[in-house]
Amino acid sequence: MAVPKRKQSSARQNKRRSNVWKLKAPALVTCPKCGELKAPHKVCLNCGSYNGKEVLKKEA
């Protein structure tokens with residue numbers, strides 16, 4: 001049975017694990033009505049529209 005000759009240092013172990021928890025950038029799309037960046041499949045917080053229809057009433 002294979003057994004490591006020496007203990008692997010924590011620095012080496014952490015270097016190996018460094019790519020596991022990388023955060024991904026959030027997906028953003030432009031609103032077709034106002035051109036503001038928003039999350040896909042969500043109401044635009046700038047103009048209050050979703051799928052071409054006004055869902056939220058925004059005060060001027």
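Nothing in this text is a laboratory measurement; each read-out follows from the coordinates by a stated rule. Since the model is a prediction, treat every value here as computed from it, not as a measurement. Neighbour counts are summed over all protein chains in view; Cβ atoms, including those assigned to glycine, are modelled from backbone coordinates with ideal geometry.
For the chain, what relative contact order do you get, as a whole percent, if you take Cα pairs closer than 8 Å and at least 6 residues apart? Please list the in-between numbers first.
On the way: 43 pairs, mean separation 9.7, N = 60.
For the chain, the relative contact order is 16 percent.
Would you compute, from DSSP H runs of 4+ residues alone, the mean residue ellipticity of the chain at 222 nm, taking -39500 (n - 2.57) per run and dividing by the full residue count, rounded to the nearest 500?
On the way: 1 runs with 8 residues, N = 60.
-3500 deg cm²/dmol, from helical runs alone.
Give, as a single signed number, the net charge of other residues whose beta carbon lies under 14 Å from the beta carbon of G48, with Lys and Arg counted +1 and Asp and Glu -1.
On the way: positive: K33, K38, K42, K53, K57, K58; negative: E36, E54, E59.
Within the 14 Å Cβ shell, the charges total +3.
Can you run phi through the Karplus equation (6.51, -1.76, 1.60; θ = phi - 60°) for the stretch 8-25 and list ³J(HN,Hα) in whole Hz, with x for Gly and Pro?
6, 5, 5, 5, 5, 5, 5, 5, 5, 8, 5, 8, 6, 9, 5, 7, 9, 5
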